[in-house]
Amino acid sequence: MKKVLVILLVAIVFVQFFPIDKNNPAPTPGMDFLTIKNTSESTAKLIRNGCYDCHSNESKYPWYSNVQPIAWFLKDHIDEGRKELNFSTFATYEPKRQAHKLFEAVEMIEKGEMPLDSYIIAHPEAKFTEAQKQEIVQYLKSVEKEIRMMNDLPAETSKK
Ligand code: HEC
């Protein structure tokens, strides 16, 4: 038993030598969703609190991002999240993709799938009230509608 504990301890110490890369890509305010859409301060704050750590290049890294293996878990969410939707480079998306991503975002929030549960545990400010959810959803829907109108794109319906 003692031997197992020692091995475990050594392993935990060992993985600490493999920190994650915490360098965010350079800021690009001209391409950032909240900036280009001139989002109101209150809605912008909610989206920042709830989504920007994983879906932007402005991720904030908490102290436990220095602790493995938690840091790998966190980094994986950031990498995957940015791949799916990066608000910091939103302006580079084709209009059709922009509208589609906002459509998906609304679905995710309404179903309670985003923000991720594991994130909410550590970030109480991302646990939205029903009114806050509605504020974000209504806003994202209005931007989606505007993009579709300006680009002559048809409305989308849920596949599920
Ligand atoms: C802790 C990190 C994290 C937070 C916070 C977070 N997401 Fe995500 N999000 C992910 C990851 C990881 C994926 C890709 C894997 C998946 O779909 O679960 C994803 C996927 C998505 C997708 C694509 C879903 C699809 O249909 O494939 C959308 C849209 C999305 N997130 C929107 C949001 C919005 C909006 C918020 C804020 C309300 C948010 N996310 C908060 C990590 C996060």
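The values are calculated or read from the model by the stated rules, or taken from the named source; none is laboratory data. Note that the structure is predicted; figures quoted are calculated from it, not measured. No Cβ is skipped: glycine too gets one built from the backbone with ideal geometry, and neighbour counts run over all protein chains shown.
Does ALA155 count as among the hydrophobic types (A, V, I, L, M, F, W, C) and modelled with pLDDT under 95?
When the stated conditions are applied, ALA155 passes them.
Output the number of the condition that GLN134 fails; it satisfies all remaining conditions of (1) of a type outside the set (Ser, Thr, Tyr); (2) assigned to a loop (DSSP other than H, G, I, E, B); (3) farther than 30 Å from TRP72 by Cα.
Going through the list (1) of a type outside the set (Ser, Thr, Tyr); (2) assigned to a loop (DSSP other than H, G, I, E, B); (3) farther than 30 Å from TRP72 by Cα, GLN134 breaks only (2).
So which residues in the stretch 12-26 are surrounded by 10 or more Cβ atoms within 10 Å (Cβ to Cβ) and over 19 Å from LYS83 (Cβ atoms), if there are any at all?
Across the stretch 12-26, the qualifying residues are ILE12, VAL13, PHE14, VAL15, GLN16, PHE18, PRO19.
I'm checking my understanding of the structure. Among residues of the stretch 113-149 that are of a type in the set (Ser, Thr, Tyr) and crowded, with 16+ Cβ neighbours inside 10 Å, which one is nearest to the ligand (Cβ to nearest atom)?
Looking at the filtered set, the residue picked out is TYR119.
Condition test on THR39, is it surrounded by 13 or more Cβ atoms within 10 Å (Cβ to Cβ), within 26 Å of the chain's Cα centre (by Cα) and in a helix (DSSP H, G or I)?
no
Please determine, by comparing only the residues of the stretch 68-86 that are surrounded by 13 or more Cβ atoms within 10 Å (Cβ to Cβ) and of a type in the set (Lys, Arg), which one is nearest to the ligand (Cβ to nearest atom).
Of everything passing the filter in the stretch 68-86, ARG82 is nearest to the ligand (Cβ to nearest atom).
Can TYR93 be described as more than 8 Å from the ligand (Cβ to nearest atom), surrounded by 14 or more Cβ atoms within 10 Å (Cβ to Cβ) and modelled with pLDDT of 95 or more?
Yes: the conditions hold for TYR93.
Can you find, within the stretch 48-67, the residue that is farthest from the chain's Cα centre (by Cα) among those that are crowded, with 20+ Cβ neighbours inside 10 Å and polar (S, T, N, Q)?
Among residues in the stretch 48-67 that are crowded, with 20+ Cβ neighbours inside 10 Å and polar (S, T, N, Q), the one farthest from the chain's Cα centre (by Cα) is SER59.
Among what's in the stretch 38-58 and is among the polar types (S, T, N, Q) and more than 9 Å from the ligand (Cβ to nearest atom), pick the residue that is farthest from LEU140 (Cα to Cα).
ASN57
Could you grab the pairs with beta carbons closer than 9 Å, sequence gap of 6+ or different chains, first residue in the stretch 2-28 and under 11 Å from PRO69 (Cα atoms), second one of a type in the set (Phe, Trp, Tyr) and assigned to a helix (DSSP H, G or I)?
Partner pairs satisfying both residue conditions: VAL15/TRP72; PHE18/TRP72; ILE20/TRP72.
Can you name the residue in the stretch 140-160 that is among the hydroxyl-bearing types (Ser, Thr, Tyr) and either in contact with a Lys or Arg (Cβ under 9 Å, 6 or more places away or on another chain) or without any contact (Cβ under 8 Å) to a residue 24 or more places away in the chain (or both) and is also nearest to PRO95 (Cα to Cα) among such residues?
Only one residue fits best here, namely SER142.
For the list (1) within 14 Å of SER56 (Cα to Cα); (2) buried (at least 16 other Cβ atoms within 10 Å of the Cβ), I need the number of the one condition that HIS100 fails.
Condition (1) is where HIS100 drops out.
Test MET108 against the criterion of being part of a helix (DSSP H, G or I) and among the aliphatic types (A, V, I, L, M), and give yes or no.
The answer is yes for MET108.
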